[in-house]
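Values quoted throughout were computed directly from the atomic coordinates according to the rules given, and no laboratory measurement underlies them. Model, not experiment: these values are computed from the prediction. Methodologically, a virtual Cβ is constructed for each residue, glycine included, from the backbone with ideal geometry; neighbour enumeration extends over all protein chains shown.
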Amino acid sequence: MGVWEIAFLSIAYLGILFLLAFWAEKKKAQNKSLINNPLIYALSLAIYCSAWTYYGSVGQITSNGLSFLSVYLGPTLVMILAWGFVRKMVRIAKIHNITNIADFISTRYGKDSRIGLGVTLISLFAGIPYIGLQLKAIAQSFDLITQSTPSATFYQDPSFLLFISLTLFILVLGPRRFDSSEKHEGMIFTIAMESIIKLVAFLAIGIYISYQIYQGWEGTLQLHTISLPSIETNGGYGNWFIQFILCGIAFLFLPRVFHVAVVEIGEEENLKQASWIFPLYMLLINIFVIPLGIAGYALLNSSGLNSDLYVLGLPIHFHSKLLAFIVYLGGFSAASGMVIMETMAISSMISNNLIMPLLLRQKGFFSDNQNQLGSINQNIRRIMIVVIMILGYVHYRETESLVNLVSVGMTSFVIVAQFAPATILGIYWKKASRQGALTGILTGFIISAALLFLPNLGISTDVFRIEGLNPVSNATYWSITFNVLALYAVSITSKQNGKDANQSYLFVDVFEYSKNIENSTIWRGKARLRDLRQALSGFIGKINTEQRLKQIAKANNLSLSETYADPILVTQTEKILAGFVGSTSARLIISAISKEEQIGMSEVILLLQKSRDLQASNAELVKIDAQKNEFLTTVTHEIRSPITSIRSLSEIMVEHEDISQEERKTFLETIIQESDRLSRLVNQVLDLEKLAAGKVNFDMHSVDLGAVIEKAMMNFTAIAQQNQVGIQVDVSQKRTQRQIHGDFEKLVQVIINLLSNAIKNVEPSKGIIQVRLYENATHICIDVEDNGIGIDPKYHDQIFEKFKQVDNPNRKIDSSGLGLSISKKIIEMHQGTIHLESSLGHGAKFILKLPIQKTA
Amino acid sequence: MRNNKLLLVAIVFLGLLNFPILHFIDSKNSVLGIPFIYLYFLVVWLGAIVSTGIILNRNSK
Amino acid sequence: MRILIADDEPAILMSLDFLMRKEGHQVFVARDGEEAIQLIEKELPEVIILDIMMPKIDGYGVCQQAKALKTTYQPAVVFISAKIAESDIEKGYEMGADLYIPKPFSNRDLVKKINELYEKLKN
């Protein structure tokens, strides 16, 4: 196909993507987000699959066998765990308004600007060759499909036109002015669409070659006999394992993946489905790699075509123009998607962690430009996008035929993997300190860079070469090991400062503090409200500033008319600013407009604990309220039963004059009994409330418990006889005359309560109740034991609570549900204890223990 | 509970696809023209995907 | 008509028993859920009057078991309960009750409603 034809179609394709993006943004403006769903989220994660996946895997087959699979199995491993791990990162990023990996790590470590800067520069270092790689893939595939040779001067090269269009595309859809959430609805939507296209294109060529041309895998694989699949003979298990792990940990820390996975996620819930959809995507895009690789090698190796281009070479070989174009488009999607997101992410890192802090540290810069910080920030990002694109392009032009796709990708992976220890330990281990993180990242970076690049400069690193490991695995092993060791060793030996400790709590316990963190103000100092307003309006405009401030003030009951701002307002302002310029720069802006006091670590922890305690006491109040409600419901319910029978029986007697004398008598007796029950209930409720409020006067004297039992029995013998229940009293075990100090009548009431309970729990005529009085060195005790149905031990704790009538298999234990709680209260007033020994079917024994009165 | 199950899936996934288990699979036999080890990878991979999906979509916490 | 009444309050049982007999129904009484179910299985009454908070098996449980007893047996179920929150009443109807009468009730009202239910059943 012609050069201009393809160039035009490619740019038209970008144009369509742009329209799609525009449409998505419009939908978003109508509050119909297209990207806030699991499928689009999972597809946007497929940004991970760049040109390296699309063209590179097939190129690897003949030289490295199946080792390319580790690149997808590692991330699958991470996605299986995403619901725990990635969700935590998402929650943290949301709370702190974090928009890139450098901000994430530096925010965790006390907003240390050195860490943010380090991570930024390392990402840039790893990202440029990677971007160059994608541009190379675009250019080479362009040259192949148009059958042209690249021009020696870049501006005469038609693929340069694609490069320009791509840059413009990013600039238009990229940096935002008035949106702190850093969500790029349109961009993410196009990324997801590109993911569909690259998958469909790859499956199309795979099916075409394997089934259309060669009628199945067997036919295809017979084209060439190579010692294909064995892992053992293609690098061995050691390399396989290390790369498996490397790809897993590097996956999330690639700037573009971090951006789509953590920053652009709509709701956390999206992760749930993406955890399996994205691995499924990776599986699908890899299914046909083997037949394509073998067919490519068999048919195209002799033509001298770079093995990285077999995927596109195959349809051209078979003169299938349409398929060739589809494949080209798929590759263009894979490469351009990666370039778009990566430049966006890295440009925001550079702006937030390098350039803005440099500018803000300059004297006078802040006060001179206070009103236009927002647009300055936006322009810095635009310039950085252009710079990164040019650097990537230069890299590709200069190193054109040196390396293949996979090795550049792997090198980037080893370098970004250095962020993993500081991040993972940072969100699970509070002691990880800023010094530790900084040392770990730098150590890891220096070791990996040395082992990977020194050999290219002719310096041998063979001393460190572990037998059987390839350069990438070898560098991974040494760098990650020392990274983790340095992080750990320095963290446990160095002290955290207040800010560091504060952030460690907020990160590690993010799910616990989620609610409070929003309002946690670990900031003390003075800032004028006017200055806050001005700083904010530089980014979000005057109207939005007023709106946001009012929202915050309303939510926290603050006034906006004072000269100095409440710390909450300052913290929130800093958070909003962080969404635009990152945590480091936001901190600088806030300190430029305020006088801040240093806060010590112990104070930080105290503050956090306070907010937690407050939450706990709140929960306690809610619980008490619920108990009170339950109490009221139960009281009314208990009152309703006697009222029902009284009313119903009285109505009967009014309306049915013909009832027999006998019936009339029974009914009237029942009415009297039920009335008694009602008044008893009312009295008990009052008693209990008085006891609870401490309003009952106890008439305290020396009391002989034997006399208490005697008095209770006097009231009770008749009832026992009526119910045909036997009562045995044994006071023989109390041999001394020792007494207790107490209220005689109240204690009689307790014994009566216990006896009434016992009577209800035994079967008439078989029931025996035993009352025993005895003593030990310190206490005088009374047992009230029955041989009734017993009480399941699981209810023992509850039965002394108000109205906790256990759902006893036979009858209610406590007629009103209040007797036992009243008894318990009374005994407690005597410094005594009451408890229950019982099991189902074996009767119940209540044991009272009252302290012996000290003889004067 | 759910996270523990996912951790188990991850460990089994990693275990099945590495030495020593991989050593027993690593042969040149093929099934229906597809290299056996490749088929093995796809099956284990799909298994992990399906289990993850099921664990995350069941209602229990 | 044959009616089963289940309530753990003897006084209420006494008055309901009297009222229903005066209306000319054949009455069975139960003091808890288990007894109620045994009687239902044996006697297959057309109307079942149930308290909700009963020992052993509560009214909801009795209602469900009675409705699931036989396909040919479809008794009318009336809850009479001191649980009078809207949610309780809703739950009662969800359980398949034909009537939900809150305690305390007026005898005349109760008898009228149950007779109406009886008429409806016959048709």
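So which of A:K272/A:K495; A:K760/C:K22; A:K734/A:K825; A:K824/A:K854; A:K32/A:K575 end up more than 30 Å apart by C-alpha?
A:K272/A:K495; A:K760/C:K22
If one takes the longest principal axis of the Cα atoms in chain A, at what angle in degrees, from 0 to 90 and to the nearest 10, does the Cα axis of helix A:405-416 lie?
Between helix and principal axis, roughly 40 degrees.
Among A:L391, A:L329, A:F278, which residue has its Cα positioned farthest towards the positive end of the charge dipole of the protein assembly as shown, with +1 placed on the Cβ of Lys and Arg, -1 on the Cβ of Asp and Glu, and the dipole taken about the Cα centre?
Working it through, the farthest residue towards the positive pole turns out to be A:L391.
Which lysines have a Cα lying under 21 Å from the Cα of A:K363, excluding residues fewer than 8 positions away in the same chain?
A:K526, A:K595
Mind running the shape call on chain C? Use the C-alpha gyration tensor, a ≥ b ≥ c as the square roots of the eigenvalues: rounded below 1.5 for a/c, prolate if a/b tops b/c, oblate otherwise.
Because its axes are fairly even, with a/c under 1.5, chain C counts as rounded.
Near the amide H of A:V729, under 5 Å away, which other amide H atoms are found, from residues 5 or more places off or on another chain, if H is placed in the peptide plane?
Close amide H contacts, sequence-distant or interchain: A:V771.
Treating the angle as unsigned and between 0 and 90°, give the value, to the nearest 10°, between the Cα long axis of helix A:85-96 and the longest Cα principal axis of chain A.
Orientation of helix A:85-96: about 90 degrees from the principal axis.
Please say if the stretch A:688-785 is rounded, prolate or oblate, where rounded means a/c under 1.5 for a ≥ b ≥ c the square roots of the C-alpha gyration tensor eigenvalues, and otherwise the choice is prolate for a/b larger than b/c and oblate otherwise?
Note, shape of the stretch A:688-785 comes out oblate.
Extent of the stretch A:3-420 along each principal axis, from alpha carbon coordinates, in Å, largest to smallest?
Between the extreme Cα coordinates on each principal axis of the stretch A:3-420 lie 71, 47, 42 Å.
So, with +1 on the Cβ of K and R and -1 on the Cβ of D and E, and no other charges, what is the size of the charge dipole of the stretch A:323-427 about its Cα centre, to the nearest 20 debye?
280 debye
List the pair-distance distribution P(r) of the stretch B:2-57, using every Cα-Cα distance, as the percent of pairs falling in each 10 Å bin from 0 up to the bin containing the longest distance, rounded to whole percents.
With 10 Å bins starting at 0, P(r) equals 23, 46, 24, 7.
Can you give the Kirkwood hydrodynamic radius of chain A from its Cα pairs, in Å with one decimal?
This gives a value of 33.2 Å.
May I ask you to evaluate 6.51 cos²θ - 1.76 cosθ + 1.60, the Karplus curve with θ = phi - 60°, for each residue of the stretch A:349-359 and list the ³J(HN,Hα) values in order in whole Hz, giving x for glycine and proline?
Those phi angles translate into 5, 5, 4, 5, 9, 10, 6, 4, x, 4, 5 Hz.
For the pair A:A693 and A:K27, how long in nm is the line joining their label points, each one 7 Å along Cα→Cβ?
6.3 nm
How do A:653-664, A:470-481, A:684-695, A:100-111 rank on mean C-beta neighbours within 10 Å, highest first?
Sorting A:653-664, A:470-481, A:684-695, A:100-111 by mean packing, highest first, produces A:100-111, A:470-481, A:684-695, A:653-664.
Arrange the following residues from fewest to most other Cβ atoms within 10 Å of their Cβ: A:K321, A:K431, A:K88.
Neighbour counts put them in this order, fewest first: A:K321, A:K431, A:K88.
Quick check: Cα centre of the stretch A:323-392 to Cα centre of the stretch A:47-108, how many Å?
About 21 Å separates the Cα centre of the stretch A:323-392 from the one of the stretch A:47-108.
Name the shape class, rounded, prolate or oblate, that the alpha-carbon gyration tensor gives for the stretch A:1-69, where a ≥ b ≥ c are the square roots of its eigenvalues, rounded holds for a/c under 1.5, and otherwise prolate holds if a/b is larger than b/c and oblate otherwise.
Oblate is the answer for the stretch A:1-69, as a/c is 1.5 or above yet b/c matches or exceeds a/b.
Sequence-distant or interchain residues sharing an amide H contact under 5 Å with C:R2, placed H: which?
C:Q26, C:E46, C:V47
Taking the dipole about the Cα centre of the protein assembly as shown, with the C-beta of Lys and Arg at +1 and of Asp and Glu at -1, give me whichever of A:H637, A:I265, A:L359 is farthest to the positive side.
A:L359
Among A:I659, A:W52, B:L56, whose Cα lies farthest out toward the positive end of the dipole of the protein assembly as shown, if unit charges sit on the beta carbon of Lys, Arg (+1) and Asp, Glu (-1)?
A:W52
Which value, in debye to the nearest 20, describes the size of the charge dipole of the protein assembly as shown about its Cα centre when Lys and Arg Cβ atoms bear +1, Asp and Glu Cβ atoms bear -1, and nothing else is charged?
2840 debye
Give the aspartates and glutamates whose C-alpha is closer than 18 Å to that of A:K542, dropping any in the same chain fewer than 8 places away, or say none.
Hits, sequence-local ones excluded: A:D179, A:D368, A:D531, A:E574.
Return the Rg/Rh value of the stretch A:701-851, two decimal places, where both radii are evaluated on C-alpha atoms and Rh is the Kirkwood radius.
On the Cα set of the stretch A:701-851, Rg over Rh gives 0.94.
To make sure I understand, if each residue's beta carbon is the centre and we count other beta carbons within 10 Å, what order do A:K94, A:K495 fall in, fewest to most?
Taking fewest neighbouring Cβ atoms as first place, the list is A:K495, A:K94.
Where a Cα-Cα gap under 16 Å defines reach, which aspartates and glutamates qualify for A:K554, not counting those fewer than 8 residues away within the same chain?
Cα-Cα hits under 16 Å: A:E518, A:E546, A:E562, A:D566.
Computed over the Cα atoms, what is the radius of gyration of the stretch A:616-670 divided by 2.2 N^0.38 Å, N being its residue count?
1.99
Name the residues whose placed amide hydrogens come within less than 5 Å of the amide hydrogen of C:S81, ignoring near sequence neighbours (fewer than 5 apart) on the same chain.
The answer is C:I101, C:K103.
Percent antiparallel among DSSP beta bridges with both residues in the protein assembly as shown, to the nearest 5?
55 percent
Short version: what are the Cα gyration tensor semi-axes of the stretch A:73-186, square root of 5 times each eigenvalue, largest first, in whole Å?
35, 18, 16
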